Every structure is written in C-alpha cells, then in structure tokens.
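Engineer: Before I ask anything, let me first share the structure, which is written out below as structure tokens.
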Amino acid sequence: MNLPIRNVSLIALALAVTAILIIRLAGSNDLAAPTKFNPPANPVANVTDEQHDDDARTELSTRHDKPQPSGEPTGVVTVTVRSESKAPLAGCLVSLGDGIVAKSDADGRASFELPPQRVWLDVKPPTETNLQHFQSRLTISRGLHKQIEVVLIANIAQQWCRLIDAETKRALAGAEVVIHPRDHLVITTDEQGIAKLLLQPGDAFASAAANGYADRSIAIVPGHESSATALDVPLEASASIDITCVDGEDHPVAEVFVTARALVSDLLWPRGSENLGTTQCWSGRSDSTGKIALVGLPARTTVYLQYSTPSTAAAPPATSLELKRGSNPLRIALSGAGTISGRVLDAAGAPVIGARVTCLANSNTESPALFPEQAIQGESTITDVHGDYELTPLRGGMWLVGLHLSEGWTSQCFRVDLPPGGAAQLNIRADRALAIEGRLVGPDGLPMSAFTVHAERSGILMATAVTDHSGTFRLAPLLAGQYDVATEFYDQQLALPQALQVAAGTIGVMLRVMPVIGSITGTVESDLPSGGSVWLSGLRRSGDESIEVLCDADGGFAISNLRSGTWDFHAHDTHGQVALRSGIVIEAGRSVVALELELIRGGNVRLLHPEADTCMIRRGVAAVAKQPIEGGLPAEALVPPGKSTAVFLRGGIELLRIPFTIRAGENLTISPPR
C-alpha cells in the first residue's frame with residue numbers, strides 16, 4: 001500500500017495496537033467491543049452474516065459504488081482540504097487523535113494509515129489565511145480507504161447589514177443594532193440603513209430595532225464583509241393585539257392573563273439559520289373593562305396565545321393568530337366556570353377520604369382504562385371527609401375523570417361531556433389497588449438493587465418501582481387486568497430481554513436481567529457538496545430509549561450501548577435534508593454494520609395542539625420523530641416527503657391523530673380543526 005505520509009509516531013502506534021481501539025465519543029454513544037454471541041439471523045432484507053473470532057456482526061448490503069474492504073488490518077484516510085471556492089489549501093496541519101499530524105500538500109491532501117478506531121479529526125489552516133479551524137469525529141475502518149473532504153470557511157470578523165422595511169424595502173436610517181452577548185454597545189444605521197458589525201470571538205447573533213418596527217434577530221453568516229455585500233435585514237412593522245375579554249352575557253371580565261409568544265425561527269434572519277436567541281414573549285392582564293393591549297409584536301408573523309383566567313371563568317384552549325400590520329382586534333368570549341363533582345365510594349358504598357381525583361380534556365373516543373403514573377398536568381382535587389370532590393373551573397367539552405396517584409386506591413377512567421359553563425355529576429367507584437410483587441436478579445442469579453421496574457398497559461406507563469437491597473419490587477396501584485412488566489436500561493447494558501405479561505395481584509414474580517446491548521455503524525450519504533453537520537437520531541419501538549449523535553466528517557456514525565429491539569433511525573443536516581431507515585433489529589452482543597441512510601430534501605412540519613405535551617410523527621409503525629410541545633408553542637420537525645401521521649399525546653395518553661402529506665421544501669402546520 002503506497003501512502004504519502006508515514007512517520008515514526010504512526011509506526012509506534014501501529015506496533016502498540018494489538019486489538020481494535022475504541023475511542024469514547026464525548027458524551028457517549030461510541031462503538032464498544034462486541035461480546036461473542038450467536039443469535040438468530042437478523043430479519044433485515046439483504047443481510048449476510050460475517051463471523052469473526054473476536055466479532056459478532058450483521059452486515060447490511062451497501063451500494064455498488066461503495067469501496068470494499070481490502071483485507072488489510074489497517075484503514076487508510078486521505079483528507080483533502082479546500083477553501084469555499086474549492087481551491088486546494090496547502091500547509092494545513094491535519095491531525096488524527098493524539099499526536100498524529102501531517103501537513104496538507106499542494107493538492108490539499110494528507111494521508112494516514114491507522115488501525116480501526118474512532119478519533120478526532122482536526123484541521124488548522126495557516127494563520128495568514130484567516131480561515132476557521134475545523135474539528136469533527138472520524139471512524140477508521142479495517143481495510144477501507146476513506147476520502148474525506150474538508151471545506152474551511154472564512155472567519156467572520158465583520159458583517160455589514162442593511163435594515164429595510166419588510167414590505168416597502170425602504171432603508172431604515174437611525175435603527176439600532178446590538179451584538180449579543182455584548183448588548184451594551186449600540187450601533188446605529190446610516191442614511192442608507194447600513195450598520196457595520198465588528199465581531200469578536202464568542203459573538204452569537206445580533207438584534208435590530210427601529211421605531212415603529214418589531215425587533216428582529218440577525219444571524220452571523222458569511223458573505224457580507226463589505227457595504228457592497230451588506231445583508232438585507234427586513235424589519236416587520238409593529239403590530240398590536242387589542243384584546244377584549246367578555247363573559248357569556250357580554251360583560252367585561254377582569255384579571256384574564258394573556259401571553260403571546262413567537263417562534264425563534266420566525267424572528268431570525270436569514271430564514272433557515274441556526275436558531276439563536278430566546279423566544280420573545282408579550283403578556284398583559286385585562287383591566288376592569290376587560291381590555292388588554294399587547295404592543296410591539298411583528299406583523300405578518302404567527303403568534304401563539306395562552307390564557308389564564310380567574311376562578312369565575314374557564315380558560316379557553318391555546319390559540320394562534322396571524323398578525324397584520326397595525327391593530328389586531330381579538331375578542332375572547334369566556335364561558336362560565338364548568339364543574340364536575342361527585343363522590344368517591346368504595347365497593348361497600350363507603351366514602352373514600354383523601355383520594356386524588358384528576359380530569360384531563362380529551363376528545364379521543366378511545367379512552368385509557370386508567371390514568372398513567374406520570375404527571376398529567378390536568379385539574380385535580382382531593383376528596384373531603386365525606387368522599388366529595390369538585391373540579392372547577394373547567395371549560396366545556398369532553399373530559400376524562402378518574403383517580404390518579406391515590407395511595408391504596410385506583411379506579412377506571414370515565415368520560416364526561418361537560419356543557420360550557422355547566423355542571424356534571426359523576427360518582428366514582430374506587431377499588432382497592434392491586435400490586436405486582438417479585439424479585440429481580442442479575443445474570444449471575446444474585447439480587448440487584450436500584451433497578452427500575454415498570455408496568456405498562458396498552459403502551460401507557462401505569463406504575464414504577466425501584467428494587468431494594470434484596471432485589472424486591474412492588475408495582476402499585478393497579479387495577480385488575482394484565483400488564484407488561486419490563487425494566488429500564490440499567491448501567492447501559494442490563495435489562496429484561498423482553499416484557500413479561502403479568503396479572504395484577506400476582507406475587508412471587510422472578511425477573512432475571514441480562515446483557516441486552518448491541519451496536520451499529522454506518523453512513524449518512526448526501527449528494528450536496530456543501531457539507532455541514534449531520535445528526536442521526538434513533539427511537540426504539542416498545543420503549544422510551546432514544547439516541548442522538550453528531551455524525552463524523554464523512555457522515556459516518558458508530559453507536560454502542562443500544563438496547564436490543566427494533567429501532568427507527570432518522571437523519572438530518574443543516575440544509576433541510578432528511579433520511580429515514582426503519583425497522584432495524586438490534587440484537588444483544590451483535591453489531592449491525594454498514595447501515596446507510598440517503599439524505600433527500602425534506603419538509604418542515606410544525607406540530608401544534610392546545611392540550612398535548614408530546615407529538616410523535618409516524619410513518620406506518622415507524623417513528624419518524626418525537627418532539628415535546630411546551631408553552632403553547634408548536635414543536636418543529638424535519639420529515640421526509642410523503643404521507644405521515646401526527647400523534648398528539650399528553651401524559652402518554654393519545655389525544656388525537658392527524659394524517660398529513662408533505663412535499664419536499666414545504667412548510668406545513670399540523671393542528672386540530674377549530
């Protein structure tokens with residue numbers, strides 16, 4: 001093998017290495033040495049098994065143009081360094097790992113030969129070039145020659161901006177720009193609306209303000225180093241929301257607190273830049289006339305509204321509003337405080353004191369049998385000495401009502417259709433809570449403490465317990481019925497291989513946990529030459545386990561400590577590209593190798609639901625993404641074009657499913673019909 005560069009350090013390293021070296025990825029998720037194992041074949045199409053004395057792996061078929069292993073025990077890496085104009089850069093210090101350094105030649109190339117391992121790749125340009133230092137991860141594979149292209153971008157020492165009216169394109173003189181976090185220095189635009197931003201290391205973004213206009217964040221991006229190439233930054237005219245709060249008889253309602261928020265991505269320029277800054281928020285409280293004025297909001301922008309009301313009225317669900325220039329009148333008609341009340345009685349008809357009754361707004365016709373263990377963020381109350389309860393103020397609609405986290409008691413969930421401002425009666429039959437009890441032991445048969453065990457029903461977490469010093473656990477409170485008993489992932493290697501179905505009330509359950517980790521390596525492929533960061537995320541079906549890693553400089557990834565099961569993998573980059581590979585089976589003691597994901601242009605979806613705290617995007621049984629929904633703001637996700645389904649959840653309970661179709665490059669908002 002003919003290599004341009006070999007040095008003494010490299011030879012010494014090669015002699016010292018007698019096995020595959022594993023370099024830990026900062027923050028976890030690197031490939032660990034696999035355990036010898038002989039499981040059944042991996043049920044993935046076009047799979048061939050290649051067994052080694054020190055390895056157990058499943059190799060997926062790859063594209064015909066992929067380089068094939070040469071059989072050599074080492075791998076070769078050639079790094080080509082270029083400028084943004086694609087010109088080769090000579091004299092760059094290219095280093096792999098610790099102390100393995102070479103200079104790029106006249107063609108911008110530096111080559112290395114190393115045993116299989118994962119290392120840091122560092123490229124430092126000559127100081128006179130004023131280019132940015134590049135750093136990324138790189139995986140060296142046995143017998144493969146990898147070609148890595150690194151594009152060094154210029155340091156941005158200054159950025160010129162031209163502030164203009166978003167609608168008329170008129171230059172805005174006298175506007176102010178500040179650079180964060182150095183927001184004490186104010187830069188004023190000249191007669192042409194131009195401002196020169198002198199940047200320092202650590203500067204994150206800038207923000208602009210002008211009289212009669214809403215504030216806008218400005219990303220620091222290359223290509224605007226002179227007044228002739230100044231970045232045009234459109235400022236939206238200031239808008240206001242003039243709110244009137246009234247009751248059902250058109251009387252003003254005071255003390256209604258309204259909060260309006262806008263997404264960071266909607267206030268940042270240029271569009272599509274890395275989201276920096278904080279979510280802007282405007283709020284106010286209605287006075288005795290029911291009036292609130294929220295001012296300084298950006299026109300032609302969607303804001304998301306949340307409401308908090310006094311006890312005499314029910315808070316309406318969160319809403320969104322597309323603002324126009326100037327005043328935006330909004331009338332909020334508040335219904336009276338709806339009430340659900342009743343008594344909680346045991347099987348003998350005696351009142352149950354101190355039980356927690358919870359309600360959750362949910363129009364889904366498929367109700368859970370009982371509330372999950374986790375917090376629901378619904379209205380709740382405690383029964384008094386007579387077993388009575390009252391839930392108020394509630395808005396009209398369908399509600400789920402039942403006992404939740406009540407020591408020693410449980411109940412099924414009931415559906416209550418509450419008219420606006422009305423009242424409903426519901427007596428709840430409380431049952432003595434059942435439990436599942438048992439012991440948990442490790443692979444050696446010895447009890448294990450501090451191990452989390454949980455019981456699920458229809459995929460919803462119902463009870464959790466932690467084993468004591470003797471390995472004993474108790475899952476309660478449970479209604480009668482069958483539950484799936486499983487364990488959390490312990491110490492990144494041990495778990496129950498598969499869930500065990502157990503009836504509530506069973507004692508003496510024995511759980512034996514085993515090593516359940518596998519690993520995966522592969523590449524995210526892209527046809528775009530512009531490069532940039534690529535992220536890979538994975539979700540395990542039938543569990544809460546997930547991973548997210550930054551891929552190597554060549555799109556490669558190596559992830560260890562994956563819990564066995566079926567995983568769906570999703571990748572995306574900074575250019576709006578996305579990829580999905582679903583149904584990949586991870587088996588204990590095995591490594592899936594050569595998994596490929598092909599990036600294509602995706603669509604951006606915004607997921608909004610007034611009651612949900614999470615949204616899953618599914619394509620069939622595959623999970624494309626899982627995003628939290630917080631503060632009334634929509635979650636955002638980049639998804640492949642085609643048909644998918646948004647599944648909105650709260651506390652693990654499904655609220656609504658909305659099928660949708662998205663095209664490449666499309667921005668789509670998914671929300672319940674009003």
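A short reminder: the numbers here are calculations on the coordinates, not readings from a lab. Predicted model only: the values in this text are computed from it and were never measured. Methodologically, a virtual Cβ is constructed for each residue, glycine included, from the backbone with ideal geometry; neighbour enumeration extends over all protein chains shown.
Engineer: Given labels modelled 7 Å from the Cα in the Cβ direction, how far is it in nm from residue 169 to residue 120?
Structural biologist: My value for the distance between the label points is 4.7 nm.
Engineer: What is the distance in Å between the Cα centroid of segment 306-335 and that of segment 601-625?
Structural biologist: Segment 306-335 and segment 601-625 have Cα centres spaced 26 Å from each other.
Engineer: Same structure, new question: Using 0.36 nm per residue of separation minus the Cα-Cα distance, give me the extension gain between residue 341 and residue 128 in nm, one decimal.
Structural biologist: Going from the current span to full extension adds 69.1 nm.
Engineer: Still on this model: Distance cut-off 31 Å, Cα to Cα: go down the list 146/196; 66/103; 169/291 and report the pairs above it.
Structural biologist: Beyond 31 Å: 146/196; 169/291.
Engineer: Need one number: nm distance between label points at residue 188 and residue 321, each 7 Å from Cα along Cα→Cβ, rounded to one decimal.
Structural biologist: 3.4
Engineer: Using the Karplus equation 6.51 cos²θ - 1.76 cosθ + 1.60 (θ = phi - 60°), what ³J(HN,Hα) coupling, rounded to whole Hz, does each residue of segment 535-552 give in order, writing x for Gly and Pro?
Structural biologist: Working through the residues one at a time gives 10, 10, 10, x, 10, 8, 5, 6, x, 9, 5, 8, 9, 8, 9, 8, 6, 5 Hz.
Engineer: Moving on. On a straight-distance basis, which lysines could pair with residue 626 in a cross-link, Cα separation under 30 angstrom, same-chain partners fewer than 8 positions away excluded?
Structural biologist: Answer for residue 626, where 30 Å is the Cα cut-off: 643, listed by chain and number.
Engineer: If you average the C-alpha positions of segment 229-255 and of segment 101-170 separately, how far apart do those two centres end up, in angstrom?
Structural biologist: Their Cα centres are 45 Å away from one another.
Engineer: Another question about this same structure. In Å and whole numbers, how far do the C-alpha atoms of segment 434-515 stretch along each principal axis, longest first?
Structural biologist: That works out to 33, 23, 16 Å along the principal axes.
Engineer: With a cut-off of 8 Å between alpha carbons and a minimum separation of six or more residues, what is the relative contact order of the chain in percent?
Structural biologist: Answer for the chain is 9 percent.
Engineer: What value does segment 603-670 have for Rg/Rh, both radii from Cα atoms and Rh as Kirkwood defines it? Write out the running numbers ahead of the final one.
Structural biologist: Working: Rg = 10.9 Å, Rh = 11.7 Å.
Across segment 603-670, the Cα-based Rg/Rh ratio is 0.93.
Engineer: Also, I was wondering about something else. By the gyration tensor of its Cα atoms, with a ≥ b ≥ c the square roots of the eigenvalues, what is the shape of segment 238-333: rounded for a/c under 1.5, prolate for a/b over b/c, or oblate?
Structural biologist: Judged from the Cα gyration tensor, segment 238-333 comes out prolate (a/c at least 1.5, a/b above b/c).
Engineer: Determine the gain in length on full extension of the stretch residue 353-residue 227; use 0.36 nm per residue of separation and subtract their C-alpha separation, reporting nm with one decimal.
Structural biologist: 38.0 nm
Engineer: Based on the Cβ-Cβ distance from residue 247 to residue 386, what FRET efficiency comes out when R0 is 45 Å, to the nearest 0.05?
Structural biologist: 0.90
Engineer: Would you compute, from DSSP H runs of 4+ residues alone, the mean residue ellipticity of the chain at 222 nm, taking -39500 (n - 2.57) per run and dividing by the full residue count, rounded to the nearest 500?
Structural biologist: Computed ellipticity for the chain at 222 nm equals -500 deg cm²/dmol.
Engineer: Also: Roughly what would the spin-label model give for residue 425 and residue 509, points 7 Å off Cα along C-beta, in nm?
Structural biologist: Roughly 4.0 nm, to one decimal.
Engineer: Taking 8 Å as the Cα distance limit and 6 or more residues as the minimum spacing, I'd like the relative contact order of segment 434-515 as a percentage.
Structural biologist: Working: 205 pairs, mean separation 32.0, N = 82.
This gives 39 percent for segment 434-515.
Engineer: Then there's this: Per q in 0.14 1/Å, what log10 I(q)/I(0) does a Debye calculation on the alpha-carbon atoms of segment 494-550 return?
Structural biologist: For segment 494-550 at q = 0.14 Å⁻¹, log10 I(q)/I(0) is -0.64.
Engineer: Based on the alpha carbons, how large is the Rg to Rh ratio for segment 499-651 when Rh follows Kirkwood?
Structural biologist: Ratio value, two decimals: 1.03.
Engineer: I'd like the distance between the alpha-carbon centres of segment 411-489 and segment 544-579, rounded to an integer number of Å.
Structural biologist: 32
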